[in-house]
1. In the list TRP74, TRP101, which residue meets the criterion of being within 16 Å of the chain's Cα centre (by Cα) and more than 20 Å from ALA145 (Cβ to Cβ)?
2. Restricting to region 84-95, give me the number of residues that are of a type in the set (A, V, I, L, M, F, W, C) and away from the ligand (no atom under 15 Å from the Cβ).
3. For region 43-52, indicate whether the set of residues that are assigned to a helix (DSSP H, G or I) and within 16 Å of the ligand (Cβ to nearest atom) is non-empty.
4. Quick check, is SER75 in a loop (DSSP other than H, G, I, E, B), among the polar types (S, T, N, Q), in contact with a helix residue (DSSP H, G or I) (Cβ under 7 Å, 6 or more places away or on another chain) and touching a residue at least 60 places away in the same chain (Cβ under 8 Å)?
5. Name the single residue, out of those in region 96-151 being in a loop (DSSP other than H, G, I, E, B) and touching a Ser or Thr at 6+ places or on another chain (Cβ under 7 Å), that is nearest to the ligand (Cβ to nearest atom).
6. Residues to consider are VAL112, VAL150, VAL77; find the one that is within 23 Å of VAL10 (Cα to Cα), surrounded by 17 or more Cβ atoms within 10 Å (Cβ to Cβ) and β-branched (Val, Ile, Thr).
7. With the requirement that a residue be without any contact (Cβ under 8 Å) to a residue 12 or more places away in the chain and not β-branched (Val, Ile, Thr), what does region 135-151 give you?
Amino acid sequence: MPVTIVQLQVLIQVEYDSLVVRLGLSPLPLDVYEVDDSGNGGVTAHGTDKRNATPGYTPTRIVLPEQPGDLDAWSAVQPTFPPSTFDRHTDEWPMWRSELWHEMVHQYQHQVLKNWNQADGRQGHAEGWPDAVGDVAASFGITQAELLRVL
Ligand SMILES: [Zn+2]
């Protein structure tokens, strides 16, 4: 069963709310939308150009563009939380989940560790990133390397 963008927005919000509680984050708006390459799609309610296809963390929102073709491949069933496996080659880890978790780790890096710098070379993946991955992994009882495989 494919998932619609509206259904996916709900799945992602439910997952995000669980992550926020578990990690003690201050919730941010989620900007989840279908990519529109036409140039006629305009911007999202949060002001993101719908041509943008790159997920991202900002201090004011988490940007999660979705490709229409991916929606056809994904399920509308809410995934188990916490995940029953951290193997990305399973139904437990559609790409939307990996992308949400990746940006949420940046949020943890910023809000909790106060060690996030978008200009640090690779969009915040230098200083602070390994510690953030390690802390989030520990909260799920897995290693940093295990979590990195799904991010
Ligand atoms: Zn990143």
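Just so you know, all these numbers are worked out from the coordinates, no wet-lab data involved. Just so we're clear, the structure is a prediction, and the values are computed from it rather than from any experiment. Backbone-built Cβ (ideal geometry, glycine too); neighbour counts: all protein chains shown.
1. It is TRP74.
2. Residues that pass the stated criteria total 2.
3. Checked region 43-52: no residue is assigned to a helix (DSSP H, G or I) and within 16 Å of the ligand (Cβ to nearest atom).
4. So SER75 does not fit the description; no.
5. The extreme case among them is LEU151.
6. After applying the criteria, what remains is VAL150.
7. Hits for region 135-151 are ALA137, ALA138, GLY141, ALA145.
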